Structures are given as C-alpha cells and as structure tokens.
1. Got a number for residues in the range 196-235 being assigned to a strand (DSSP E or B) and not polar (S, T, N, Q)?
2. Taking the range 252-270 as the search range and keeping residues that are farther than 15 Å from Gly218 by Cβ and not hydrophobic (A, V, I, L, M, F, W, C), which one is surrounded by the most Cβ atoms within 10 Å (Cβ to Cβ)?
3. Answer yes or no as to whether Asn231 is more than 24 Å from Thr115 (Cα to Cα) and exposed (fewer than 15 other Cβ atoms within 10 Å of the Cβ).
4. Filter the range 172-193 for residues that are closer than 16 Å to Asp235 by Cβ and within 30 Å of the chain's Cα centre (by Cα); which is surrounded by the fewest Cβ atoms within 10 Å (Cβ to Cβ)?
5. Would it be correct to say that Thr166 is in contact (Cβ under 8 Å) with a residue 12 or more places away in the chain and within 29 Å of Leu95 (Cβ to Cβ)?
6. Can you tell me which residue within the range 56-79, out of those that are free of Cβ contacts under 8 Å to residues at least 60 places away in the same chain and surrounded by 14 or more Cβ atoms within 10 Å (Cβ to Cβ), is farthest from Val94 (Cα to Cα)?
7. Please verify whether the range 76-97 includes one or more residues that are of a type in the set (D, E, K, R) and under 30 Å from Phe238 (Cα atoms).
Amino acid sequence: MKTDAISRFLKSLAIATTLPLAANAALDTNRIEQVIGLKGTWSAAEGVFKVTSPRTDVKIAVDGWTMPPFMGLGSWAAFTEAKMGGAMVMGDTVLFQDEVNPVMSVALDNGLSVTALHNHFFYDEPKVYFMHVGGEGSAEKLATAVHKVWDKVKEIRAANPQPTTTFGSTPVPAQSSITGKTIEDLLGVKGQANNGMFKVVIGRTAKMMDTEVGKEMGVNTWAAFAGADDNAVVDGDFAVLEDELQPVLKSLRHDGINIVAIHSHMTHENPRILFLHYWGRGKTADLARALKVALATQNQ
C-alpha cells in the first residue's frame, strides 16, 4: 500500500508540473486563449505560455521560393509571470508595408511597447517586416492588446487582399521648392539647402570605449524635406534613448508620420542609443510641427 501511495503521489506530481498555471490569476492561460481566440502551448521549463499565428493569408516568396510559414513567417506572443506582479508579454508580428503603421498605432494605443521594426529577408515578395512588442500588466489586458493588433492585420487584408505598394499620396513635384526658413523657425535649428530641398541635423553625444561621439559621428536626429511647401515629403532618423523611444513613436504616429525602421546603429555605446527612421507626407509647416512635438518628448 505504501508503495502504491508513493507511486500515485509521484504520478500526480509529474502531471502537475506539465500543466499551465491556469489557477494563478497572474497567468490565466485559459483566459489568454479565450481573449486571443487561438490555442497556445505551455513551456513548463520556462514558465511561458506562447500563442502563434502563422501568416497564411498571403503567399510570400523569398528569392523566388514560396516560403512556408514554418520557416519564420509566424506572428507570436509569449506570456510569463512578471517579477513585480502581473504578467509580461513579448512578441513579434509579421507585417506587410501597408500594415506596419496602422498596426503599430493599435499596439501603442493599447499599452504595448514597440521595441523593434526591421526586415528578416532579402528578395522577399511582397516585402515583409517584423514588429517586436513588449508589455507588462494583467494577462487579460495584454492578451486583449495582442488580439487587437492581430485583428487590425485581418481588417487591412480583408479590405485589400494583396498588400499595396505605395502610401497612396499625391506625387511629389519633380523640382523641389521647400522654404527652409519655415523649418528653421519651427525647429530652432539652422539647416542646409540643396536644389530646393532642405535638411536639418540635431546632434547628441554618447561614449564608445571612453571616446565621445556626437553629431558628425552619426549620433544625431535629422530631417530632410523635398517637394513643395503645400505637398512635401520628409524623411529622417530620430536618435533616442531607450526611455524616449515610446514617447517619440506615439507622438509621430499621432501626427500621421510613418515609422519605417527601429534598430541600433552601434554597439557598446553609453548611453544606449536607438534609431527610428520615418517618412511623412503633407505641408512643410505641418511636418515640421510634428517633428517639433516629437523632439519635445525627449530629455535632451
């Protein structure tokens, strides 16, 4: 009898260690599945519950080969208990160009941090981007945010089954005629004119191996304007500290500026600098004002 009791105890213990911690309010895996609408998998070794959603709605070719989702075309969100209480989520969403900015806005508006935006392939058709997100809070709140992000993708593809190839804006005039003084007055920075275009550069400093690097070494925020004052394009790069990334992203998206990349340019710098590249269309003055508001969210 004693041996049978021990055997039963060991069996129940083995089963318990392989089950999700559904009873723990911090990570109710059943509720996560209900909210997202997809089944997940539990990793007992790491205490992580992961939900995946492969992109099967559009065929993607890389170097002429139709790529199965198994080879890296799956969106995912992984949940774990946070040390300070509640839950933590990290994830990656597979996006096409016309999905990136609407989906990013949904993520930011629902409490997720957007931590990276980049490509994983060359010669992909249509072009594929990957948006990494993170967040902390209740598991239900985080799962709801993930659900809204993935639902936005479905909404965009339902309206246009194939990804679009342009922003859909009015063509920029072939000959630029940007009024640089408007930009200088709004941003408070002197710029440089070139064939009707205009560019401003704002430097900041960091250290690499105890050597100070700044504006001319590439640690800078810049904006280049082209077109006409009533039909302009602006593109550029924001150099941000880690704590500045989310406020700058939210500000730019609020004013309709498209984010096209978020990544690092250096290693071993102190403080750590991240770079976000952007593209905007509109009137010169409106675009400059949008940049001014985003710059104001930074600590420099």
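1. Taking the range 196-235 first, the residues assigned to a strand (DSSP E or B) are 197-203, 206-208, 211-213, 220-228, 231-235.
From what's left, not polar (S, T, N, Q): 197-203, 206-208, 212-213, 222-228, 232-235.
Summing the residues that are assigned to a strand (DSSP E or B) and not polar (S, T, N, Q) in the range 196-235 gives 23.
2. Here the residue is Arg253.
3. No.
4. Here the residue is Val172.
5. Values: in contact (Cβ under 8 Å) with a residue 12 or more places away in the chain: no; within 29 Å of Leu95 (Cβ to Cβ): yes.
No; evaluated as a whole, the condition is false for this residue.
6. Step one: filter the range 56-79 for residues free of Cβ contacts under 8 Å to residues at least 60 places away in the same chain, giving 56, 59, 64-74, 76, 78.
From what is left, the residues that are surrounded by 14 or more Cβ atoms within 10 Å (Cβ to Cβ) are 67, 69, 72-74, 76, 78.
Details: Met67: 13, Pro69: 10, Gly72: 9, Leu73: 6, Gly74: 6, Trp76: 9, Ala78: 15 Å.
By that ranking, first place goes to Ala78.
7. Let us first name the residues in the range 76-97 that are of a type in the set (D, E, K, R), namely 81, 83, 92.
Checking which are under 30 Å from Phe238 (Cα atoms) leaves us with 92.
Yes, that holds for at least one residue.
Yes/no per residue for (1) within 24 Å of the chain's Cα centre (by Cα); (2) at pLDDT 95 or above; (3) not assigned by TED's automatic domain parsing to the domain that holds Val128:
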position	(1), (2), (3)
Ser7	no, no, no
Thr17	no, no, no
Ala22	no, no, no
Val58	yes, yes, no
Ser75	yes, yes, no
Thr80	yes, yes, no
Gly86	yes, no, no
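The values are calculated or read from the model by the stated rules, or taken from the named source; none is laboratory data. Computed from a predicted model, the values in this text were never measured in an experiment. Quick reminder, even Gly has a Cβ in these numbers, built from the backbone with ideal geometry, and neighbours come from all protein chains shown.
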